[in-house]
Every structure is written in C-alpha cells, then in structure tokens.
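The values are calculated or read from the model by the stated rules, or taken from the named source; none is laboratory data. None of these values were measured; they are calculated from a predicted model. Note that we place each Cβ from the backbone using ideal geometry, even for glycine, and neighbour counts take in every protein chain shown. Calculation scope for accessible area: heavy atoms of the full protein, side chains included, ligands and nucleic acids excluded. Shrake-Rupley method; radii C 1.70, N 1.55, O 1.52, S 1.80 Å.
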Amino acid sequence: MLQSFQSSSRLTDEPLLSIKKLSHKYKNRVALQNVNVDVQEGSIFGILGPNGCGKSTLFKVISTLMLPSSGSAHLNGYDILKEPDEVRKLTGLIFQFPSLDRKLSIYENILYQSWLYSFSFNELLPNIQRLLSVLNLTERLNERVETLSGGLQRRVEVAKALVHRPRLLVLDEPSAGLDPGARLDFWELLNQVRTEVGTTILLTTHFLEEADRCDRVAIMDEGRIVSVGSPVELKTAIGGDILSISADDAITVAAEIESQFGLRALVVDGIVRIELKDAHTFIPKFVEALPGKIRSVTLSKPTLEDVFIKMTGHRFWGRHSVGEDA
Amino acid sequence: MNRTLILPSLTIAQRELLRFLRQPSRVVGIVGSPVLFWFVIGSGLGESFRFPSAPPTMDYLEYFFPGTLVLIVLFTAIFSTISIIEDRREGFLQAVLAAPIPRSAIVLGKLIGVTGLSLLQAVLFLLLLPLSNISVSFLAIVSTLAMVVLVGFGMAGLGFAIAWRMESTQGFHAIMNLLLIPMWMLSGALFPPSGAATWVWWIMQMNPLTYNVAATRMTLYGLADEYMKDLPSIEFCLLISFLFAVGTFVVSVLAVRKRPQGLPIIDRR
C-alpha cells in the first residue's frame, strides 16, 4: 500500500472526516441543515440524494471552496474552515465537470498537477507510475485529453486527483454523463483505488445503484441527512418486504387494505405500496378481500429508494408527496 | 520567495502559453483584427490626419502604430482572461483553486502567462514596423517590448479582476464594449489629447491607458522624437503604468482570496 501524504493522524481515534451541525444558507434558500457526517478511514462513503438536495454544496465546503453559515468540519483533525491549505494537501478532488485541460496530454495534465502541489515530478514519480499502471494509462501518456473517450477521461481525472497522495478522495457526481458500461468500469476502478492505493473515498451521487455499492450511505433530502448506515442496515430497517399493488383505483384499494387489515398502505405514483413481514402470506388474502380490484401484485426486497420514501414521505425523483399523485 | 508561490505560478503561466500555441486560430484572431484596423484606418486617413506638434512627414499609419500595439495587448488580455469565467466553474481552474497554494500564486501565474502571450504577439506585430515610417533602433525595440510587459501585466490584471466577478461571458462582453474598448479609444491611441474637446481631454488625463500608450509611443521612438513634447514625461508614464499593474494585481488577489460564505441562519425556536 502506498504511503499517503501524511500518514500520521493528528487524532487517531477520530474518524478521518468529521462534519458536525453544518448549515448553509444562500440568498433565500437553506442548502444544508444541521448536517452531521463521519467518514472512517478506508471506507467508501456515499451521499445519496436527488438533484438540488444539497450534495454539491456539501462537496464545496469539504473541498474548501466555500464557507458554510455555521457548523464545523474536520479532516484528520484539521479544521476545513480555518486551515484550508492543510486540508487541501490531504484531499484529492474530482469535480462534476472535468478539470482536465483538454488541450494538454495526459502526461502534461499530471505533470502540472504535481507542480501545483509544489512537488517536482520526480518526487512523485513512484506514486505516479503506480497510479498510471493501476489505472491502465501508461501506454497513452502522450495522447491529448480531447481525443480520449469519456470513460478514459474519468480515469485521467482520478490519476490527477491522486497524484499528491491524498488521504481522502472526494468525488462530486462522478458517474454523471457516463454510460452504464463506463459506470461499471468506473466502480471497479474506485474499488481498486481503495484497496491498492489505500485512499478513503467520499462521493455524492443520485444513482441508487451506485449508493448500493458504498460501505456506508447518507441519504440526503432538502439539505438534511435523513438516514445513515450501510445499505444493508438501511434496507433492513424497513422491517420486511415491499408489496406493490397495481390497481385501477389505487386510493380505494389502499383505503380498504388499511381498514380491513390494519396495515399502512401508501400510494406512490399510482401504485399501492405496503411494507410488511411475511408479505407473501398476504397476497392471497388481499386478492380474496378485493375481488376484481387488483390488477397485479409484486413482492420485492426493499431498495434504497424504499428507504428514501420511508424517510422523506416522497419519491426519490419529483417532489410529490405520497398519496398526492394517484 | 518560496516554492509554493513560484512553482505553481510558473505552472499556470506555462499552461497558458502551451494552450495558446496549440490553438493557432487564437493568434490570427488577436493579431489579425488590430493589424487590419491599423492598415485600413491608417491608410484610409493617411495624410488627412494632422495634429499640432507632429512633423509634416508623419501620416496616420505611423501615428496609429503604437496605439495598435496597445490594442493587441488589450485584446490578448481580454480574450485570455474571459476564459476564467467558465474555467473556474467547469474547468482546469477548479483544481487550481483547491490546491494548497497562496491565492496570489494563482493570479500571478495567470498574469505572467497572459503577459507572455502579449509579448509574443507584440513581437509579431513589430515585424510590420518597416511598413510604417518609424525608424527604430535595437534599443528602442527592446525598451518597447519591456513596456509591453508592463502594460500587458496591467491589462491582464484588469481583465482578471473583471472576469473574476462575472457570472457569464456575456457580462464580460458588455464590459468590454462599454469600458475596455472606450478606454482604449480615449487613450491617445486613435487621436492625441491636445486637439480634443475639454471633457474628452479630462477623461484622457484620468485614463491609465493614456500613460500606457504614451510610454509605448515614447519607447518606440527612443524617447527622443520632437513631437513627444506634448506627452507627459516618461517617468510619470512609467509610474502610472507601474501603479496600474500593481493595483490590478492586488485587486485580483483580494477577489480570489474571498471564499464565498453562507448567510447567517436565524434560529426561530
């Protein structure tokens, strides 16, 4: 495993990144409300939320480019708000929009990044060589970035962000704009970075399947963290399976199920959703109790979207409240 | 000077130059139109333009030459700093801003790079000197290029300070048309202050570019030409040009230093 920029932690028993009571207000909008996040060293931590939920504001605060209204944030014991240069040394960043210079080659982009961090290229050479081989870029060093595919540009972006051996790699919506195949490759790459380079990873995403691959996930909505845990923990907390009932009159069906069985039935997007244990045993009961009213019944294990609906009362995409959209 | 200032600055400057050299169309755009202005307006006005203290042999092509040189420097500054607006939100500058370097290194690097571009294009333009009537010494060329460095740094600083505050390139275009181009027009580049209406004369005296153009004119003639007697002294021109360069640099650094801060949240409970 490669040595990171600074291997000794100032406060060893603390999480690598610790954010406490962070709030941020723009002109007339509160973007972050009392956000608390702890990221342990060596993990992949995801911040999941729909567009406009405050993820990017959080990214800007962590990347030292913005000061919040209130709260605190520490990386390896350094105050992100008051000691930006110390934090910058320990952080590698991948922005939502590429920060590569398209007119320069891969080599030049990486060389310039080393110089920007006040290292000579030779000082970082062993790390750079290692990164280029892990990221499979060695053969293409002299190619100009503008000639590379989107997926390959992301690889160069990762190499560039890791040149100075940061402890934490922070990525803002890294998969946006990548096709599903390239997204899959990118995840393999992130896992490699974590295991072979030893960097802790924090990313923001609006892809549910991407959050599923993280060790821990914080679900964000309207500037608040509504739930934190491993994907399995979060889904287990739902307390059973999900039954989705499609019916012509979903509201009536939901009301009848609630009154006859004493269960909580939500209508989301015209579909009746019920969370319950041993859901399969209820299927024949529902069909018998509501003859002719049910078109289909689907039984599924809870997903992170189900967690999101449970915690926020609305769907992941769109701001309709549950029950409003039937 | 420490390593965290010099190495990153030179990196940013080198990137600016390398990018430019890889986009040859930019050279044509920046040198091309001023040369066209110079040639067409200069030849068109020809000898119908006269001003009090000039020798009878001086035609407009000659008078307009130093002003065109300054226009090239101004265009270089405008077109190289306008990229900051998008670059800091969606490009290379994002990573530069997140690097552990003094904010002054970011400004210094950009200004050195843009000044280098100005110098490069000034050299190209000076190759046209034989087409004007100006006879120059080697020393005059060297001192003119030194002046281009000083003027170029100041203009780049001005462009930087404006671009940093802009949300869109359209906004910058508006500033260019309403402020920068008029500043150049009222700098003595197109006509001398001596024959202008009083209010124009006053604006020209207040305009820092007037001293940039005057100093460039004087260095090009080796400080010695007879018609210079209407211009302010070279020492004063250099002083104003120097203060302008330092001033725009400082304003730019202050702008970059400022981290956007959230507004206070009032707890209503």
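What full-extension length gain, to one decimal in nm, is calculated for A:Asp249 and A:Glu143 as 0.36 nm per residue of separation minus the Cα-Cα distance? Length gained, A:Asp249 through A:Glu143: 32.2 nm. Shape analysis of region B:49-180 based on the Cα gyration tensor places the equivalent ellipsoid semi-axes at 34, 17, 10 Å, largest first. Here is the list for region A:222-299: trypsin sites (Lys or Arg not before Pro) lying in DSSP coil, each with at most 13 other C-beta atoms within 10 angstrom of its C-beta, are A:Arg264, A:Lys277.
Which of A:Lys21/A:Lys301; A:Lys27/A:Lys301; B:Lys110/B:Lys229; A:Lys20/A:Lys103; A:Lys82/A:Lys160; A:Lys20/A:Lys89 have a Cα-Cα distance over 31 Å? Listed pairs above 31 Å: A:Lys21/A:Lys301; A:Lys27/A:Lys301; B:Lys110/B:Lys229; A:Lys20/A:Lys103.
A Förster radius of 60 Å, combined with the Cβ-Cβ distance separating A:Ile283 from A:Asp185, puts the computed FRET efficiency at roughly 0.90. Largest GNM mean-square fluctuation among B:Trp184, B:Trp164, B:Trp199, using chain B with Cα springs under 10 Å: B:Trp199. Residues whose amide H comes within less than 5 Å of that of A:Leu67, counting only those at least five positions distant or on another chain, are B:Gln261, B:Gly262 (H built at 1.01 Å from N in the peptide plane). Computing FRET efficiency as 1/(1 + (r/R0)^6) for A:Lys27 and B:Val28, where r is the C-beta to C-beta distance and R0 is 35 Å, gives about 0.25. Within the same chain, aspartates and glutamates fewer than 8 places from A:Lys55 are excluded, and of the rest, those with a Cα less than 14 Å from its Cα are A:Asp172, A:Glu173, A:Asp221, A:Glu222. For chain B, modelled as a GNM whose springs connect Cα atoms under 10 angstrom apart, the maximal fluctuation among B:Glu86, B:Glu235, B:Glu62 occurs at B:Glu235. A Gaussian network model of chain A, with springs between Cα atoms under 10 Å, assigns the largest mean-square fluctuation among A:Leu93, A:Leu162, A:Leu137 to A:Leu137. Taking a ≥ b ≥ c as the square roots of the eigenvalues of the alpha-carbon gyration tensor, region B:24-121 is classed prolate because a/c is 1.5 or more and a/b outweighs b/c.
The Stokes-Einstein estimate for region A:171-232, based on a Kirkwood radius over Cα pairs and taken at 4 °C with 1.567 mPa s viscosity, is a diffusion coefficient of 103 µm²/s. With a Förster radius of 22 Å, plug the Cβ-Cβ distance of B:Leu179 and B:Val246 into 1/(1 + (r/R0)^6) and report the FRET value to the nearest 0.05. The calculated FRET efficiency here is 0.65.
Charge dipole (Cα centre; +1 on Lys/Arg Cβ, -1 on Asp/Glu Cβ; no other charges) of chain A amounts to roughly 740 debye. When the accessible areas of A alone and B alone are added and the area of the pair subtracted, with a 1.4 Å probe, the result is around 3200 Å², both sides summed.
The alpha carbon gyration tensor of region B:137-200 gives principal lengths a ≥ b ≥ c with a/c of 1.5 or higher and a/b no greater than b/c, which makes the shape oblate. With Cα atoms as the point set, the radius of gyration and Dmax of region A:169-326 evaluate to 18.5, 60 Å.
Prolate is the label for region A:103-237, because the ratio a/c of its alpha-carbon gyration tensor axes (a ≥ b ≥ c) is 1.5 or higher and a/b is greater than b/c.
Shielding of peptide B:4-16 by partners, expressed as the average count of other chain Cβ atoms within 10 Å per residue Cβ, is 3.
If only the Cβ of Lys and Arg carry +1 and only the Cβ of Asp and Glu carry -1, the dipole of the protein assembly as shown around its Cα centre is close to 920 debye. Taking 7 Å steps out from each Cα toward its Cβ at A:Gln40 and A:Trp317 produces label points 3.4 nm apart. Among complete DSSP H helices in chain B, those whose alpha-carbon atoms stretch at least 24 Å along the helix's long axis and whose mean Kyte-Doolittle hydropathy reaches 0.5 are B:3-21, B:24-45, B:60-81, B:103-126, B:138-165, B:234-257.
Average projection, convex hull of the Cα set of chain A: 19.1 square nanometres. Every Cα-Cα pair in region B:122-249 was counted, and those over 27 Å apart are 22% of them. Mean silhouette area of region A:95-143, derived from the convex hull of its C-alpha atoms and averaged over all directions, reads 3.7 nm². Computed with the Debye formula from one identical point scatterer per Cα of region A:1-138, without solvent, the log10 of I(q)/I(0) at q = 0.09 Å⁻¹ comes to -0.34. Peptide A:64-73 is shielded by partner chain Cβ atoms: per residue, an average of 3 of them sit within 10 Å of its Cβ.
Were the residues from B:Val142 through B:Leu223 laid out at 0.36 nm apart, the gain over their Cα-Cα distance would be 27.9 nm. The convex hull defined by the C-alpha atoms of the protein assembly as shown has an orientation-averaged projected area of 35.2 nm². Per residue, the accessible area of chain A comes to 42 Å² when a 1.4 Å probe rolls over the protein heavy atoms.
Computed over region A:188-262, the alpha-carbon pair-distance distribution with 5 angstrom bins reads 3, 11, 15, 16, 13, 12, 13, 6, 3, 4, 3, 0, each value a whole percent. How are the Cα pair distances of chain B distributed, in percent, across 10 Å bins from 0? Calculated over all Cα pairs of chain B, the distribution is 7, 29, 34, 19, 8, 2, 1, 0, 0 percent. Looking at region A:77-140, the trypsin sites (Lys or Arg not before Pro) that sit in a DSSP loop and have at most 15 other Cβ atoms within 10 Å of their own Cβ are A:Lys82.
Averaged over its residues, how many other protein chain Cβ atoms are within 10 Å of peptide A:79-86's Cβ atoms?
The per-residue average across the peptide is 1.
A dipole drawn for the protein assembly as shown from +1 and -1 charges on Cβ atoms has a positive end, and of B:Leu69, B:Ala174, B:Ala245 the residue lying farthest that way is B:Ala245. Placing a label point 7 Å from the Cα of A:Ser300 along the Cα-to-Cβ direction, the residues of region A:188-218 whose backbone N falls under 13 Å from that point are A:208-209.
Positive end of the dipole of chain B (Cβ unit charges, origin at the Cα centre): among B:Pro24, B:Gly91, B:Met218, the Cα lying farthest that way belongs to B:Gly91. For chain B, the Cβ-based charge dipole about the Cα centre amounts to some 1340 debye (Lys, Arg positive; Asp, Glu negative; other atoms uncharged).
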